[in-house]
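What follows is calculated from the coordinates using simple rules that are stated; it is not laboratory data. Everything numeric in this text was worked out from a predicted model, so none of it was measured. With ideal geometry, Cβ positions are generated from the backbone for all residues, glycine too; neighbour counts draw on all protein chains shown.
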Amino acid sequence: MPVPSKPESFMALEAIFLRHHRSPDSLIEILHHSQKFYSYLSDDLLRHVAARLQLPLSLVKGTASFYHLFRFQPPARHRCVVCTGTACQIQGAPALIAAMEEGLGLKLGARRGDGWASLSEVRCLGTCSDSPLVQIDDSIGRQQTVAGLRRWLQELEP
Ligand code: FES
């Protein structure tokens, strides 16, 4: 397997590889750390992990893509999430999704090509008594109204 051209780029992972004795059984754990350190799993990073664990790249990519929690693109600048759990559905999540889609120019599940925003759903944000909820970056909108959400979206930094 070819050695990546710039292994020093991923030096932060070396301690993790050592801790796990470069064992192929530690693949998921190492992918977690890879994403934590570098924010997403780039092709170069996946190639590096495959080379260090002496695993086929296809196996590393296949494993990573099986799990929804792994990202293969840099996170968007604004991560917009609508809760679509039962309580939030009943209290108006569909209207919030429509407002998000219109305000962001995105469909649910998509990320803008310029990396400005992404829109996704979550099954429950854990405080159903405050439904409906949305999350934008690190802020939670509780008992979120459509009008309030429209104002919030207009205030997002470019
Ligand atoms: S269903 Fe939305 S917070 Fe639980």
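The modelled label-to-label distance for the pair Thr127/Gln73, using points 7 Å beyond Cα in the direction of Cβ, is 3.0 nm.
Dipole magnitude for the chain: computed about the Cα centre from +1 point charges on Lys and Arg Cβ and -1 point charges on Asp and Glu Cβ, it is near 220 debye. Ranking Ala117, Gln89, Ser23 by Cα position along the charge dipole of the chain, where only Lys, Arg, Asp and Glu carry charges on their C-beta atoms, puts Ser23 farthest toward the positive end.
Net charge around Ile97, counting only other residues with Cβ within less than 10 Å of its Cβ (Lys, Arg = +1; Asp, Glu = -1)?
-2
Take each of the peptides 69-78, 39-48, average the number of other beta-carbon atoms within 10 Å over its residues, and list them starting from the highest.
Numbers: 69-78: 14.4, 39-48: 17.1.
Highest-to-lowest ranking by the protection proxy: 39-48, 69-78.
So, counting K/R as plus one and D/E as minus one, what does the shell of residues with Cβ under 14 Å around Glu121 add up to? Walk me through the intermediate numbers first.
Working: positive: Arg79, Lys107, Arg111, Arg123; negative: Glu101.
Residues close to Glu121 contribute a combined charge of +3.
Placing a pseudo-label 7 Å from each Cα along the Cα-to-Cβ vector at Gln89 and Ser23 gives an inter-label distance of 4.1 nm.
Ordering Ser39, Leu133, Leu59 by the projection of their Cα atoms onto the charge dipole of the chain, which places +1 on the Cβ of Lys and Arg and -1 on the Cβ of Asp and Glu, puts Leu59 at the extreme positive end. Computed about its Cα centre, the charge dipole of region 69-158 is approximately 180 debye, with only Lys, Arg, Asp and Glu carrying charge at their Cβ.
Of the DSSP beta bridges with both residues in the chain, give the percent that are antiparallel, rounding to the nearest 5. Walk me through the numbers before you get to the answer.
Numbers: 7 of 13 bridges.
If I count the DSSP bridges inside the chain, around 55 percent turn out antiparallel.
Using only DSSP helix segments of four residues or longer, with each worth -39500 (n - 2.57), what per-residue ellipticity at 222 nm results for the chain after dividing by its residue count and rounding to 500? Taking each H run of at least 4 residues, the total per residue is -12000 deg cm²/dmol. Cysteine residues of the chain whose Cβ has no partner cysteine Cβ closer than 4.7 Å: Cys80, Cys124, Cys128.
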